[in-house]
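Have a look at the structure below before the remarks.
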Amino acid sequence: MSKRARVRAPELRGRSWINTGGKELSLADFRGHIVILDFWTFCCVNCLHVLDELRELEEKHRDTVVIVGVHSPKFVHEAEHQAVVDAVERYEVHHPVLDDPELATWKQYAVRAWPTLVVIDPEGYVVAQHAGEGHAHALETLVAELEAEHGAKGTLRRGDGPYVPPEPVATELRFPGKALPLPGGTFLVSDTTRHQLVELAADGESVLRRIGAGERGLVDGPADRARFSEPQGLALLPDGTVIVADTVNHALRALDPATGEVRTVAGTGRQWWQGSPAAGPAREVDLSSPWDVAWFADRLWIAMAGVHQLWTYDPADGTVRAAAGTTNEGLVDGPAEQAWFAQPSGLAAAGDRLWVADSETSAVRYVERDGEGAGEDGAGGFVVRTAVGTGLFDFGHRDGPADQALLQHPLGVTALPDGSVAVCDTYNHALRRFDPASGEVSTLATDLREPSDAVLADGDILVVESARHRLTRLRLPEEAVRVEAVAHRTQRAATDIAPGTVRLDVVFHAPAGQKLDTRYGPSTRLLVSSTPPGLLAEGEGAGTDLARELVLAEGVTEGVLHVSAMAASCDDDPSNEYPACHVHQQDWGVPVRVVEGGATRLPLVLAGMDADEAPPSS
């Protein structure tokens, strides 16, 4: 086993613990176990991917490994304790979670990105750090090594960890996601945490039937045997078929409302990674966390939250393709293929526009034809524009002109009869309205609880109150309710960097038993940009080297560096003709402040840990 830096793990400090039966924990309670700290925040789709990656490892090594979630919020709403409790249940987190609203433990471990995984050995030393997704195989290998090493030393203690499941709560729905009016006057709702679809009567309350066995899985068949995994968006095709965005299965499912039969029409069940095909036969192309779906411009559009893109599905020829977005996370308008999104999570078609709730930029955006028409494949001829929102780190609750209005992580948009758009302003617990005619944003209702979607119903609007586990009927008021304006910025401290030249180092060490995959050329990729665009005089753009000299523009004192890195590694086994290969990737948005005496080197850990990159001891 290779020698590792011996860095004592800092103590875990936060507001309180979840999933422990009320017990406060410290690192001493985990001594003898292998501990994996998962730094996450529940708005982050990449963090949700990691939760799913960890499930198998958590079950397989239940007697030697303790996973501890450290919830480190980005948005103000995520700092609310009850919101974290809800998220832990919503996403079926079956391990202890430290609620750390002040980012105390995040700072102690020198974390720079969501998600980040830190591995602590049974003696309490940090032995590895990984940022981003795709590290499950590396963690499995490292856990096996640590089990063998500490089993031989006598420092490994087997037995159950401190996880205590919460008491179940009886409700008809549990964290519902999206809703769809059906032609007969009823409503179909994605009952996300229970992995089902539920048909409600016209009153929006009475349950008529459930579709799905209620257990996580990817199984086609009749209503009582089909399985979903955290389904979200719902859309009606012209032929009456309902398409379901089966989010954690990375698939689109088709429901026959008459029979309840479910079949898979797109996706393989595997998550899309950089380098995978982005077009082709729908059942042969991987998808990534499809969150919502809508019929627009003669095809189904997909909010592909997991890769910050919009895709389309053509049921006529059974194909899918990327239609808008580059996979880079941010807010950039322009031709569809050049635009940037950040976790698009809600769609609504209205005439010649497709409205988009772009959640991580707290924005409302739209897609429309650019005047030259789309090509035959439907992928060209569209342009992306922003109606409300300014970027990844600015959010709040402010009404008024659209260029000054603020939202907080909206998940749903609904086209209203007058041409305006209702916005489920999820983390503000509000229903907002954007009027394209006046360019104004107003508030329609407050005191909702994490609204995630809304549908029209006989002059009213039915709002999916996800965290209240119900649909709530509201009368659309003639005049909006005004609320006191509140503006926020993400509370992460800015990194002080020196003016002039700064060296960016993305640290990647191939995990134990793996080597860089250079069979088809460079195995790494680095993309750098900035907000504002004038922050960097030199150093923006794409390349294959994970180190780069960045030259800061004169006169710009603060901004955000956007860094996207990818590395590919393969199992280093000469006897295996077809070694398994793995992709590791992460996007960072690093707030920086340019000051004399600031750092001249900015290290970001993608995978691995050297002594000079290790977190400080407590």
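Remarks
- For the stretch 100-119, filtering for residues that are surrounded by 19 or more Cβ atoms within 10 Å (Cβ to Cβ) and of a type in the set (D, E, K, R) leaves 2.
- Test: residue in the stretch 197-217 that is part of a loop (DSSP other than H, G, I, E, B), in contact with a Lys or Arg (Cβ under 9 Å, 6 or more places away or on another chain), closer than 30 Å to His61 by Cα and hydrophobic (A, V, I, L, M, F, W, C): yes
- Of Leu300, Leu331, Leu354, all but one fail to be more than 29 Å from His562 (Cβ to Cβ), surrounded by 21 or more Cβ atoms within 10 Å (Cβ to Cβ) and in contact with a strand residue (DSSP E or B) (Cβ under 9 Å, 6 or more places away or on another chain); the exception is Leu300.
- Candidates in the stretch 145-190 are the residues that are β-branched (Val, Ile, Thr) and more than 27 Å from the chain's Cα centre (by Cα); of these, the one that is surrounded by the fewest Cβ atoms within 10 Å (Cβ to Cβ) is Thr155.
- Residues that are on the phi < 0 side of the Ramachandran plot, among the β-branched types (Val, Ile, Thr) and either in a loop (DSSP other than H, G, I, E, B) or without any contact (Cβ under 8 Å) to a residue 40 or more places away in the chain (or both) do occur in the stretch 507-524, at least one of them.
- Matching residues in the stretch 184-201 - criterion: being in contact with a strand residue (DSSP E or B) (Cβ under 8 Å, 6 or more places away or on another chain) and over 19 Å from Arg468 (Cα atoms): Thr186
- Across the stretch 382-392, not a single residue is classified as in contact with a Cys (Cβ under 7 Å, 6 or more places away or on another chain), under 22 Å from Val76 (Cβ atoms), at pLDDT 95 or above and surrounded by 17 or more Cβ atoms within 10 Å (Cβ to Cβ).
- Residues satisfying the stated conditions in the stretch 212-229, i.e. within 27 Å of the chain's Cα centre (by Cα) and surrounded by fewer than 24 Cβ atoms within 10 Å (Cβ to Cβ): Ala213, Gly214, Glu215, Arg216, Gly217, Leu218, Val219, Asp220, Arg227, Ser229
- Among the residues making up the stretch 115-147, those that are in a helix (DSSP H, G or I), charged (D, E, K, R) and over 17 Å from His582 (Cα atoms) are Glu145, Glu147.
- Any hit, the stretch 362-369, residues being β-branched (Val, Ile, Thr), in a strand (DSSP E or B) and crowded, with 23+ Cβ neighbours inside 10 Å: yes
- Condition met for Glu53 (under 15 Å from Leu142 (Cβ atoms), without any contact (Cβ under 8 Å) to a residue 60 or more places away in the chain and acidic (Asp, Glu)): no
- Odd one out for Gly275, checked against (1) touching a residue at least 60 places away in the same chain (Cβ under 8 Å); (2) over 21 Å from the mean Cα position of the chain (by Cα); (3) over 28 Å from Pro410 (Cα atoms): (2)
- Residue identified as at pLDDT below 95 and on the phi < 0 side of the Ramachandran plot among Arg112, Arg90: Arg112
- Elements of the type strands (runs of 3 or more DSSP E) sitting completely within the stretch 247-297 and holding at least 2 residues that are closer than 30 Å to Ser564 by Cβ: these cover 251-255, 279-281, 290-296.
- Scanning the stretch 123-143 for residues that are surrounded by fewer than 22 Cβ atoms within 10 Å (Cβ to Cβ) and in contact with a Phe, Trp or Tyr (Cβ under 9 Å, 6 or more places away or on another chain) yields one hit, Gly124.
- Some residue of the stretch 101-110 being over 30 Å from His409 (Cα atoms) and more than 19 Å from the chain's Cα centre (by Cα): no
- Tally, over the stretch 404-421, of residues that are more than 25 Å from the chain's Cα centre (by Cα) and of a type outside the set (A, V, I, L, M): 5
- Hits in the stretch 528-560 (condition: modelled with pLDDT under 90 and in contact with a Gly (Cβ under 8 Å, 6 or more places away or on another chain)): Ser529, Ser530, Thr531, Pro532, Val556, Val560
- Note on the stretch 1-114: enclosed helices (runs of 4 or more DSSP H) holding 2 or more residues that are closer than 30 Å to Asp191 by Cβ and outside the structural domain of Arg216 (by TED's automatic domain parsing) are 45-60, 81-90.
- When Gly204, Gly214 are checked against the criterion of being touching a residue at least 40 places away in the same chain (Cβ under 8 Å), closer than 20 Å to Arg174 by Cβ and touching a strand residue (DSSP E or B) at 6+ places or on another chain (Cβ under 6 Å), Gly204 stands alone in meeting it.
- Counted residues, the stretch 534-589 - those being outside any strand (DSSP E or B), surrounded by 14 or more Cβ atoms within 10 Å (Cβ to Cβ) and not acidic (Asp, Glu): 6
- Gly161 meets the stated requirement of being assigned by TED's automatic domain parsing to the domain that holds His61 and of a type outside the set (Val, Ile, Thr).
- Scope the stretch 66-115; condition touching a helix residue (DSSP H, G or I) at 6+ places or on another chain (Cβ under 6 Å) and β-branched (Val, Ile, Thr); matching residues: Val66, Ile67, Val70, Val97
The values are calculated or read from the model by the stated rules, or taken from the named source; none is laboratory data. From a predicted model like this one, the values you see are computed outputs, not experimental measurements. Neighbour counts run over all protein chains shown; Cβ positions are idealised from the backbone, glycine included.
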